[in-house]
Each structure stands twice: as C-alpha cells, then as structure tokens.
1. Let me spell it out: the conditions are (1) in a helix (DSSP H, G or I); (2) in contact with a Lys or Arg (Cβ under 8 Å, 6 or more places away or on another chain); (3) within 27 Å of GLN231 (Cβ to Cβ), and THR133 meets all of them except one. Which number is the exception?
2. Cβ-Cβ distance below 7 Å, separation of 6 or more or different chains: which pairs start in region 111-134 with a residue that is without any contact (Cβ under 8 Å) to a residue 60 or more places away in the chain and acidic (Asp, Glu) and end on one that is surrounded by fewer than 17 Cβ atoms within 10 Å (Cβ to Cβ) and part of a helix (DSSP H, G or I)?
3. From the set of residues in region 205-224 that are among the hydrophobic types (A, V, I, L, M, F, W, C) and within 20 Å of THR171 (Cβ to Cβ), which is modelled with the lowest pLDDT?
4. Going by what's in this entry, would LEU206 be described as in contact (Cβ under 8 Å) with a residue 12 or more places away in the chain and within 17 Å of the chain's Cα centre (by Cα)?
5. Yes or no: region 98-107 includes at least one residue that is of a type in the set (Val, Ile, Thr), touching a residue at least 12 places away in the same chain (Cβ under 8 Å) and within 19 Å of SER49 (Cα to Cα).
6. Taking the stated definitions as given, is SER147 at pLDDT 95 or above, over 27 Å from GLU274 (Cα atoms) and polar (S, T, N, Q)?
7. Quick one: count up the residues across region 67-121 that are farther than 26 Å from LYS140 by Cα and assigned to a loop (DSSP other than H, G, I, E, B).
8. Does VAL157 satisfy being at pLDDT 95 or above and more than 18 Å from the chain's Cα centre (by Cα)?
Amino acid sequence: MKKQQWIVIGSGVILVAFLFLFGRTVPERKPVSKPSAVTPKTEQFDFESSLSEAKSKLSPEHQGYVNSLENSVVRGDVKNQKIHTYHQLASFWRDSARRFEPYAFYTGEASKLENSEKSLTFAAQLFLDNLRTVNDPAQKNWMAAQSRELFERALKVNPNNDSSKIGMGSTYIFRSTSGEPQEVMQGIQQILEVARRDSTNMYAQLMLGIGGLVSGQLDRAIERLNKVVHQQPSNVEAVLSLAEAYERKGEKENAVKWYIASKRLIENPEVIKEIDGRIKDLK
C-alpha cells in the first residue's frame, strides 16, 4: 500500500476520535472526499464564494441581520467598531448558522485588529485544531495559511512563546494531505527548535511524534510518543497515535495494547466502536 493511502486510511481511528473528543467548533457539513490514486492539482479555496453560498442558505431574517452587520462600520472609531462587528459576525456564524469557516475567519480578523497575544493564539489554534478534521486540499491550504499568519503575528507580539512556535510548525504537518516530505519536514524542523532547547515540552514531543507518523518515520514517532504517554498517560491523542504507529510498523501486539489503553480514556461509544473494530482486525 502506498504511503499516501496509509496516511489517509491509517489515521481513521485518530480522526474519528479527534472529531468526537475534541470536535469541530461547529459541524462540518461537507461530504468527506475519498482519496484517489492520482493527487489532483490543489485549487485555491475561495472564502468569499463559500461565504456567499453560506449566506444564500440563511433565512431572510438572518440574511438581513448579517448584511446589516457587514455594512455597519462607516465612520468614527472604525477600528473598534470593526472589532465589535467581527465578534458579532463570528458569534452569529458559530451559534446561529453553525458554519465553521466564517466563524473562524471573523474571529481571526478581530484578533488581527486587537493584536493581543491571547486573541491571536486563540484564533490560530482554532484554525489549527479544525484543520485536522478537513480532507479537502484547497480548504486545508486556506486554513493552514490562516493559522500560520495568526501564529506569526502572535510571535511578533511575544517571540518567546514556544506554544506558538510549535503551533506554527504544526500547520505544515497537518496541512499535508499526502505526507509531502519537504512540507512535513519544514514543520518538524520548526518544532525541533523548541524540543532541542526544552526536551520536557510534551506538546513539542507530541507534535514531533505525529509528524513522524505522517512522514513515515515510525521509529522516531514511537520514541517521541512513548515519552508523551509516559509523562501524560491520560493524553488520549498521544495514546491513539502510539497505537497507530505500532500498527503501521507491524507490531500488532503493541498496537492492540495501546488501543485497549485508549479505551480507558474514552467515554464516547462511537469512538470505542471504531477502536474495537481496529483491535478485531489486528487479532
């Protein structure tokens, strides 16, 4: 089986678990695309078209509300008015329309104007976390670019924030839809800068472990992930990633061991069902 297929298929349990345990802030309504043998050229994600399509599905009342917000800033303290309006739009798309892309976009736009480390990192992490639940390459590119820009702005505010450095490196790893070595390694190198200076940073170790899993460096992935689960035995993402790393390496006994261990950390029956299926296939 090709490495690209391993990455798409092998990550199934982790993806399902991530969706149920951490989840998108709002539901993903687009169908999941199936991997093809030939990777097509990535098209650009057109946010404006996506936003127009989302607005067209709103009720007339909601359309009027959104249009009034979009046209509300005309004079006076434009910056603070825009910040307030962007937050209102973000709240609407999150709570009423339940569409992730405009919610995240307006959250990010507000954070750029606020230019505080807290708001920038929140918006950047919002894109990064949800990037991992998307299959469409164009949408992945867009979300990764949004996240990366926000992390870069946060690092200008505070250049010493290791979490932002790790987050920015992670955008390269999770943007990759087929394990492109150069792109994954670019992200890994950024995270290594933190890990070499602070080997106790478990967020860095986790991202490096997942980076190794994505790039096919399974021995390194297992080494990193074992460090994380030793220090953080309740880190379900690390435990599931370790199980998958062992499975892909062909060490079925270890894979089953860690899949069973992950079930003790999970309450969602749908995730447990996925894991039980994986365990059954390995025995």
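The values are calculated or read from the model by the stated rules, or taken from the named source; none is laboratory data. Keep in mind the model is a prediction, meaning the values are calculated, not measured. Using ideal geometry, Cβ is built from the backbone for each residue, glycine included, and neighbour counts are taken over all protein chains shown.
1. All conditions are met except number (1).
2. Sorted first by the residue in region 111-134, then by its partner, the pairs are GLU117/VAL157.
3. So, considering only residues that are among the hydrophobic types (A, V, I, L, M, F, W, C) and within 20 Å of THR171 (Cβ to Cβ), the one modelled with the lowest pLDDT is VAL214.
4. Spelling it out, LEU206 is indeed in contact (Cβ under 8 Å) with a residue 12 or more places away in the chain and within 17 Å of the chain's Cα centre (by Cα).
5. The answer is yes; a qualifying residue exists.
6. Answer is yes for this residue.
7. The total comes to 7.
8. Yes; evaluated as a whole, the condition is true for this residue.
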